[in-house]
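Structure first, then comments.
The values are calculated or read from the model by the stated rules, or taken from the named source; none is laboratory data. Since the model is a prediction, treat every value here as computed from it, not as a measurement. Heads up, the Cβs are rebuilt from the backbone with ideal geometry, glycines too, and the neighbour counts pull from every protein chain shown. Ligands, DNA and RNA are stripped out before the accessible areas are found, and what is left, the full protein with its side chains, is counted by its heavy atoms. Shrake-Rupley method; radii C 1.70, N 1.55, O 1.52, S 1.80 Å.
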Amino acid sequence: MASIPSNLSRVPTLLASRLTYSSIMQSSQRMLRVQEQLATGRALNRPSDDVVGTSAVSVLDDRIERRDQRQSNLGQADSVLGSLDGSLADLTDLISEAKGLGLSQIGIGSDAATRKNQAKVIDALLDAAVGISNRDQRGIHYFGGSAHATEPLQGLNGGYRYIGEGEGMVTDIGLGSKVPITMSAEQAFGALSGRVEGFSDLNPSLTMATRLADLNGAGGTGVNLGAITVSVNSLPTTVDLSDAETVGDVVTRISAAIQAFDPGAIVSIDGTDPGRLAITPSAGFIVTIADGSTDATAADLGLVGTYPAATTTTSLDLNPRLTDLTPLGALPGLSTPLGLLRIRNANQVREVDLSGAATIRDLMNAFDGLGIGVRLEIAESGDRLNAKNELSGGYLSIEEIAGGTTATELGIRSLHTSTLLADFNQGRGVGQVNGKIDPISGLPDPSLNTDFQVTVKDGRSFAVDIDGATTVQDVLDVINAAAAAAGLTPAEFTAGLVADGNGIALNDSTVGTTTSVTDLNDSPSAEALGIIGSTTSASLDGTDRATVAVESVFSHLIQLRDALLANDERGISFATGRLDDDLSRAVEARADIGVRAQRVADATLREGDLSVQDQALRSQIQDLDYTEAALRFSSLQQILQAGYQTAAQMQDMSLLNFLR
């Protein structure tokens, strides 16, 4: 506390006055500060009050503000997840109702009129399912995935197209791992097809502009950037690749390090296998490349090792990934410029000219512009393209035109030699006869276990048994083997794929009038393969039985409705059976939402507790102790009063007071 020195009376009056004034002002300032603290209730009102304390309060204010925002986000997330759970509950009830109705229409007791009436009920359930898929809360559509701003399901060509994407919207809720608060319709309803998965590895080549971030790397885990050691004849140089962005950056920096000792050395992309790098030292120079002490950059680039003099040595394959900007010219399996292909979906047909496409993005844009619900994507593996049907109720087919190879080269032809027979006829597969025995001998009879007969134009015929075949290629091999066993040469008869469209083609060059395929032993195989019938043309072209449908609630409800209208008991049974998968999917989706909601609830409690702790700590630093401040204020009043009294007494004193 300020006090007036006792020796003031022994100094000049001016100095005494100044010291007294300073003491009184200090006491007044301290008293004013306490008054301010008592008025505001805060111990800290400005940074100068306590620099360290003010800094701590600033940090706590920021933390509390972020926690308040997270708590708001958590409240929103809890609300959306609760509504999403309710929507999924409605969906499971709807599917259960449709399944029960379908089962009631199988067998005795139902006729065409009854089924026609029940089709109206299924139609109403279909509308309800579409309504559920487009539910939203304040503009956040529950089933839009990451694209939650618009209705994810839209009508198109008599079907329903899913335009959402991503797994769900993510917001800051203070959790270490992401917890989406919306869901894709694919997860809940099954809104996209996944069968046209690229069957061709496009194996993109390296270019100098290829980004290092787009490489799987020699180990398949990408490229970890750092420093590498390049030695020429045992003279080491450290090459820093930590800020390299492209393959060209790597080639340039390694070239500079080697050519500092060996000016004739060549570092380039391998001309034979453009997925690798190649290093060619000059005669008399040996290059060794190793990783630095902590980084694995050289290993990820496949460059670790010794490169002998006057020899071209390649790195390991760096496995470049496809990206939107990958040039089609960098895909060695493609014949560029590309040609035409045909796409069918929901009774719509488009012929697409891809001759002007230069990049993968150009291909995607060409598909997006068709307006028939077909999406072209890069597979997660990054080495091929996938075509997806977005249209529930439509049947997708991607075909060649007039002997072209564009769809095949891109790996997206929907019926090709590796297509599984199990995928034919919307998943019903290709039935066949087997295991039949001779009723007299009791032994297996091969003649009773054949599936269909092919008769060529010159009258020769042969039976085909497809038992054991699992792919289209297996069927073609079996047919060709049976033809060869019947004495037909490949010049006379071959089975392959149609040149224009999709389907199995039986090419008959024998002399005669008619090529025909007929069932044997009541086998459904020829019909299921699409080759039953006859023709006088040079080729019996089968129909496409491997079209791609979206396995969704909407597709199966449409199939059930149409089967009821057609009084097709087999179709009713098939569509009703598919609803089991839809029900399982919806239940699993609801369980997932339950897990997310529990995590959000736990996070809400945790954020609340942490917020209380932060506020308590801030209060300890910032808020005023009123009792202590009141005592301090009283003490300062006494000191100030004493100062005034002392100053008044000293003002009356003079030299004469000491001479008395």
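Data for the structure
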| quantity | calculated |
| --- | --- |
| The range 605-622 residues that are more than 17 Å from Val52 (Cβ to Cβ) and open to solvent by less than 60 Å² (accessible area, probe 1.4 Å), paired with ones that are assigned to a helix (DSSP H, G or I) and not polar (S, T, N, Q) (beta carbon under 6 Å, 6 or more apart) | Glu607/Arg67; Glu607/Arg70; Ser611/Arg67; Asp614/Leu60; Asp614/Arg63; Asp614/Ile64 |
| Top-ranked residue in the range 311-330 [being open to solvent by 50 Å² or more (accessible area, probe 1.4 Å) and not hydroxyl-bearing (Ser, Thr, Tyr); ranked as nearest to Ala379 (Cα to Cα)] | Arg321 |
| Selection status of Gly333, open to solvent by less than 10 Å² (accessible area, probe 1.4 Å), closer than 21 Å to Leu215 by Cα, out of contact with any strand residue (DSSP E or B) (no Cβ under 6 Å at 6 or more places or on another chain) and part of a loop (DSSP other than H, G, I, E, B) | no |
| Breaking point among (1) touching a helix residue (DSSP H, G or I) at 6+ places or on another chain (Cβ under 8 Å); (2) modelled with pLDDT under 90, for Gly194 | (1) |
| When residues of the range 406-461 are limited to those that are of a type in the set (D, E, K, R) and closer than 30 Å to Gly329 by Cα, the one surrounded by the most Cβ atoms within 10 Å (Cβ to Cβ) | Arg413 |
| Only listed residue being at pLDDT 95 or above and not acidic (Asp, Glu), chosen from Leu396, Leu370, Leu363, Leu376 | Leu363 |
| Which numbered condition Ile343 misses (of (1) of a type in the set (A, V, I, L, M); (2) open to solvent by 70 Å² or more (accessible area, probe 1.4 Å); (3) within 28 Å of Gly155 (Cβ to Cβ)) | (2) |
| Of the criteria (1) more than 15 Å from the chain's Cα centre (by Cα); (2) open to solvent by 60 Å² or more (accessible area, probe 1.4 Å), which one Val170 fails | (1) |
| Filtered residue count, the range 313-325, keeping only those that are in a loop (DSSP other than H, G, I, E, B) and in contact with a strand residue (DSSP E or B) (Cβ under 6 Å, 6 or more places away or on another chain) | 4 |
| For Ala98: the one exception among (1) of a type in the set (Gly, Ala, Ser); (2) exposed (fewer than 15 other Cβ atoms within 10 Å of the Cβ); (3) at pLDDT 75 or above | (2) |
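Matching residues to (1) within 30 Å of Ser619 (Cβ to Cβ); (2) in contact with a helix residue (DSSP H, G or I) (Cβ under 7 Å, 6 or more places away or on another chain); (3) not hydroxyl-bearing (Ser, Thr, Tyr); (4) not in a helix (DSSP H, G or I):
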| residue | (1), (2), (3), (4) |
| --- | --- |
| Arg66 | yes, no, yes, no |
| Gly75 | yes, no, yes, no |
| Ser87 | no, yes, no, no |
| Leu91 | no, yes, yes, no |
| Glu97 | no, yes, yes, no |
| Ile106 | no, yes, yes, yes |
